[in-house]
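The values are calculated or read from the model by the stated rules, or taken from the named source; none is laboratory data. Keep in mind the model is a prediction, meaning the values are calculated, not measured. As a convention, Cβ positions derive from the backbone with ideal geometry for all residues, glycine included, and neighbour counts pool all protein chains shown.
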Amino acid sequence: MSSELIRRELPPTDAIGTSAPSTRSPLARFALVCLLISWVPFAVLGFSDADVNRGVAAIVFALAASGPSLSAFVMWRINRRDRIRSRASASAVWPIAAVALGAAPSVLTALASHAADPTSISAHAASVVAGVGGPLGAAAYTLISGPLSEEFGWRGYLQPRLRLRLGHMATVLIIGAGWGLWHLPLFFLNGTGQQTMGLVSVQGLLFFVSLFPLSYTFLFVSESLRGGVWAAILLHASWNLADALMPPSGNLGALLQTTLMFVAAAGVAWRWRQQSTSPTRGGKMPTADSSVPLKAQRYRLVAIATKHHWRGFGYQWMVLLLAPFGFVYAVVSFAIGSALALVGGGLFVLATTVPAARAWGAVHRSLQRLMLIESIPAPPPRKPRRVHRGYLRRGLGDAPGWRVYGYLVVSFFLSVVGGAISIALFVVGLGLFTHWYWSRFLPAQQAHDGSWHVGVQYAPGRFIDTPPLQLAAAAAGLLVLVVIWPAIVHATCRMHASLGRTCLGPSGSEQRVLAVEASRWATVENSDRRLRRLERDLHDGPQAQLVTVALKLGDAVDRLERGDDPATVAGLLKSTRTVAQDTLVGVRGLARGIHPPALDFGLDAAVCSLAAGLQLHSEVRIDLPDRPGPAIESIAYYSIAELAANAVKHAKATRLSIVVGQDTDGLSIRVEDDGRGGAAFDDSTSTGSGGLRGLAGRLAGVDGTISVMSPAGGPTRVQIYIPNGGRA
Amino acid sequence: MKIGIAEDVAILRDALAEALTARGFDVCIAVGDADALRKEIEHQGVPDVTIIDVRMPPTNSDEGVRAAIELRQRHPGAGVLIFSQYVETSHAHQLFGSNAAGVGYLLKDRVGDVREFISAIERIANGETVLDPDVVSALIRVAGGRFGLETLTPRERDVLALMAEGHSNTSIAAKVSLSIGGIEKNIASVFTKLGLEQSNTTHQRVLAVLRYLQG
């Protein structure tokens, strides 16, 4: 299970991306609706002890089992403007991959465990098909039960939202866990496959474990291969069909099957990484370029040797030691505060301890920064006293403090459970790996058949005491140490980091406030910069020219009075006229810089006249079905003018292409030139690249984004997006 | 007379050079920034008067003033005419503080009257101090609240300003249409009211007035 993590966070001011849509409350609503539709009927069926394969119970069960997809439809129905969907691309790759990845684990397991008698596989498959009414029945059954009834929910609704918000790894973990949780009641219903396995059994346990690699494979076919929800349905169907057709192969078979699923997920992850590092990767999100992942740490398959892994393990120890104290702080202060609230004074306790919890937040933030290389911005400082009057209101209304409370409680459980699992895996892995050595010191044990063994008993009457078994134990230990343990450490640390980002940093609205503040500053600085530039242009241009005109005229008057040669004076006056005309041109240019008159006739007219005045070959394509508002038009015009000026002045380009398009949300601009490239968001104001920074600042003021691709040597390609922001 | 010009706007620099050359001046240096001026002076020697624009590249702030101060430190006798687009009093102290002989500060507007301009250059070359009337009135405005100024009559204020600009008694008398005797009386009154030491030469008088105005 390896994954590339893309984190979204407060974008820097020079590249403000559109923030990820808030997905929390729709997700909670989805979960609620899903549980209502599924678990209530499940509970009824469970208490009435009905067989879910017969009569009315079968219909109720089928409806309840469709809970995930039904709730997705409900959610889409409620919010029709919701535009996050996983769309399928037309391709032959994802269908093949989905079928192969779905069927492979079951088929390979069956082949391995029935290698002695391959005909029994086909015989079993035939009997199953006959049992559900022929091939058509089998197809219908495998397609509806599971794929159609669940996938619209899991992969159609939940997955894209989680991925946008949390990245790959967390998505897989959450969907895997949620998926397992949803299945829980099925273990108590008569006639389900889960009941046959039993909850507390090897197969039951493996069922839950297998959902995680499976979720990853699902994520891969639907997102990376761009199969969308349909790929998920196909994969699920393929999986169900193969699972149903292949004969059962017991606990060992289930173990093999789960292992194969992990192998498949690992293979898929490897492939994904290859893909994402290859340059042909097309940005799915329009802002993918501009939101730079701060530190996209990659998990490596053999991670035990990495610093990253050991830092993570160290972090687990640190939080394991810290967690009890934080937990006690939060719980005890809350208990005392709420208990005393009835008597009086309790609220004062909380009004003190809640803001004070920010210190805990700071400690955990620094710990994460130090050991997880996860820098979480601090929440905004406490509101000044004049904003919130009263000690109580100020203390109790401190949202960041309350979030730290939540963090202390949740992270306590995460630290204890994650730490315990991680340490256990470490011990078990190390123990198995070195079993061949230390097992000789164990006392001999007697099996049921009376034989004596020296070694760990791994099943009733079975001991690791033969060389092949020792080797297998060492291999298993190595697998745990090198693959499973680091994976768990990595996953736990990601969860810690994710929890930290949610609870210890600024909240969504606070982040927006910070972003607005940043963009306001950018706007102020930018307009200041523009005024300075205008003043300098006036000083160096028209002012100096008019001084020259005055000087030349004075010179001419003086010469006439002195009685100089009229021809000389005429020459002087002619050159004065030239300067005056140049002044006029300069003033006109400056006025156009303040507001181009052509902009009154629309952006296309203004850009065309701009392009016509450029000293290079330009190609303009503007497609604007709706005329944008004047503010948008003006910013779009200046962006293009600035980029065109850069192309001429700095890039020494000979060709320029300007493309302006429009969608319902805003305006997209692409300006490309064939110049020498190397444009960057420099801070220097003396060179033109400072203009690029000013442009980014101006765009930030309207929540626009800019992404610049300008390798040294060129070409330069700049993509700008200006959202309407509700203004038509 | 040898003239140097440091002005970053080329057309203005050329026009200045042309007007001065036509009137018999030897424009030996015409450059666009302070560094070039420094090099040319090393190369060609110090001109009698160097006209320096305040704002020049690279930072377009006060390169010209700094170049002028540096030039005066190296060559105390060299005439310097600061040439500015705006009235700025903040540099006056540095410029006129220690030795104001042969220092001028004119707004670019003045070039329209070529004769005045030429005479200003000549006065600077003679070691006089030339201040733009606008700069003087700005200095008086800045000094506004200082004790003594408000006791002056309007006429005495005019005389003070003209003194600061570097005019002689005769010239002041012509400007305010008074007899020389009347002017002398006014000047004496100004000096008494402001508590200044009586000075005999025009130049010393300018310095005294400037010192007073700058506090």
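Quick rundown of the values:
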read-out	value
Only listed residue being touching a residue at least 40 places away in the same chain (Cβ under 8 Å), among the small types (Gly, Ala, Ser) and in contact with a strand residue (DSSP E or B) (Cβ under 7 Å, 6 or more places away or on another chain), chosen from B:Ala30, B:Ala100, B:Ala78, B:Ala67	B:Ala67
Test: residue in region A:553-561 that is β-branched (Val, Ile, Thr), within 60 Å of the chain's Cα centre (by Cα) and within 14 Å of chain B (Cβ to nearest Cβ)	no
Residue match in region A:455-476 (condition: surrounded by 20 or more Cβ atoms within 10 Å (Cβ to Cβ) and part of a helix (DSSP H, G or I))	yes
Residue within region B:105-117 that is away from chain A (no Cβ under 13 Å) and not in a loop (DSSP other than H, G, I, E, B) present	yes
Subset of region A:562-609 (residues that are within 14 Å of chain B (Cβ to nearest Cβ) and in contact (Cβ under 8 Å) with a residue 12 or more places away in the chain)	A:Val569, A:Leu572, A:Leu573, A:Ser575, A:Thr576, A:Val579, A:Ala580, A:Asp582, A:Thr583, A:Gly586
Residues being in contact with a Phe, Trp or Tyr (Cβ under 8 Å, 6 or more places away or on another chain) and closer than 30 Å to A:Pro379 by Cβ - total across region A:467-501	6
Meets criteria (outside the structural domain of B:Val9 (by TED's automatic domain parsing), in contact with a helix residue (DSSP H, G or I) (Cβ under 6 Å, 6 or more places away or on another chain) and crowded, with 16+ Cβ neighbours inside 10 Å) for B:Leu178	no
Every pair of residues 6+ apart whose Cβ atoms lie under 7 Å, when the first sits in region A:310-334 and is small (Gly, Ala, Ser) while the second is outside any helix (DSSP H, G or I)	A:Gly312/A:Leu372
Filter pass, B:Leu37 being buried (at least 18 other Cβ atoms within 10 Å of the Cβ), within 14 Å of another protein chain (Cβ to nearest Cβ) and either among the hydrophobic types (A, V, I, L, M, F, W, C) or touching a Lys or Arg at 6+ places or on another chain (Cβ under 6 Å) (or both)	no
Number of positions in region B:1-34 that are assigned to a helix (DSSP H, G or I) and away from chain A (no Cβ under 14 Å)	1
Qualifying position, being in the same structural domain as A:Trp317 (by TED's automatic domain parsing), at pLDDT 90 or above and in contact with a Pro (Cβ under 9 Å, 6 or more places away or on another chain), among A:Phe433, A:Phe412	A:Phe412
Residues (more than 10 Å from chain B (Cβ to nearest Cβ), charged (D, E, K, R) and either out of contact with any helix residue (DSSP H, G or I) (no Cβ under 9 Å at 6 or more places or on another chain) or touching a residue at least 12 places away in the same chain (Cβ under 8 Å) (or both)) located in region A:512-534	A:Arg512, A:Glu517, A:Arg520, A:Glu525, A:Asp528, A:Arg529, A:Arg530
Unique match (being touching a Gly at 6+ places or on another chain (Cβ under 9 Å) and more than 14 Å from chain B (Cβ to nearest Cβ)) among A:Ser507, A:Ser498	A:Ser498
Residue in region B:106-118 that is closer than 25 Å to B:Leu71 by Cα and not assigned by TED's automatic domain parsing to the domain that holds B:Val80 present	no
Qualifying helices (runs of 4 or more DSSP H) (wholly inside region A:170-280; at least 1 residues being assigned by TED's automatic domain parsing to the domain that holds A:Arg155 and of a type in the set (Phe, Trp, Tyr))	A:202-219, A:228-245, A:250-277
Checking A:Val547 against (1) modelled with pLDDT of 90 or more; (2) more than 8 Å from chain B (Cβ to nearest Cβ); (3) within 60 Å of the chain's Cα centre (by Cα), the condition it does not meet	(2)
Condition check for B:Leu95: free of Cβ contacts under 8 Å to residues at least 40 places away in the same chain, buried (at least 18 other Cβ atoms within 10 Å of the Cβ), within 12 Å of the chain's Cα centre (by Cα) and within 14 Å of another protein chain (Cβ to nearest Cβ)	no
The lone exception for A:Glu619 - which of (1) surrounded by fewer than 16 Cβ atoms within 10 Å (Cβ to Cβ); (2) acidic (Asp, Glu); (3) within 14 Å of chain B (Cβ to nearest Cβ) it fails	(3)
Residue among B:Gly104, B:Gly181, B:Gly144, B:Gly166 that alone is under 30 Å from B:Asp62 (Cα atoms) and at pLDDT 80 or above	B:Gly104
Lone unmet requirement of (1) touching a residue at least 40 places away in the same chain (Cβ under 8 Å); (2) out of contact with any His (no Cβ under 8 Å at 6 or more places or on another chain) for A:Leu504	(2)
Helices (runs of 4 or more DSSP H) wholly inside region A:372-450 containing at least 1 residues that are in contact (Cβ under 8 Å) with a residue 40 or more places away in the chain, surrounded by 13 or more Cβ atoms within 10 Å (Cβ to Cβ) and touching a Cys at 6+ places or on another chain (Cβ under 9 Å)	A:399-433
Scope region A:318-346; condition surrounded by fewer than 15 Cβ atoms within 10 Å (Cβ to Cβ) and either under 29 Å from the mean Cα position of the chain (by Cα) or assigned to a helix (DSSP H, G or I) (or both); matching residues	A:Leu321, A:Pro324, A:Phe325, A:Val328, A:Val331, A:Val332, A:Ala335, A:Ser338, A:Ala339, A:Ala341, A:Leu342, A:Val343
Test: B:Leu131 is crowded, with 22+ Cβ neighbours inside 10 Å, within 14 Å of another protein chain (Cβ to nearest Cβ), of a type in the set (A, V, I, L, M) and under 9 Å from the mean Cα position of the chain (by Cα)	no
Whichever residue in region B:46-85 is in a loop (DSSP other than H, G, I, E, B) and loosely packed, with under 13 Cβ neighbours inside 10 Å and, among such residues, is farthest from the other protein chains (Cβ to nearest Cβ)	B:Pro76
Counted residues, region A:21-36 - those being surrounded by fewer than 17 Cβ atoms within 10 Å (Cβ to Cβ), in contact with a helix residue (DSSP H, G or I) (Cβ under 9 Å, 6 or more places away or on another chain) and modelled with pLDDT under 80	3
Only one of B:Asp48, B:Asp53, B:Asp62 that is closer than 25 Å to B:Glu128 by Cβ and in contact with a Phe, Trp or Tyr (Cβ under 7 Å, 6 or more places away or on another chain)	B:Asp53
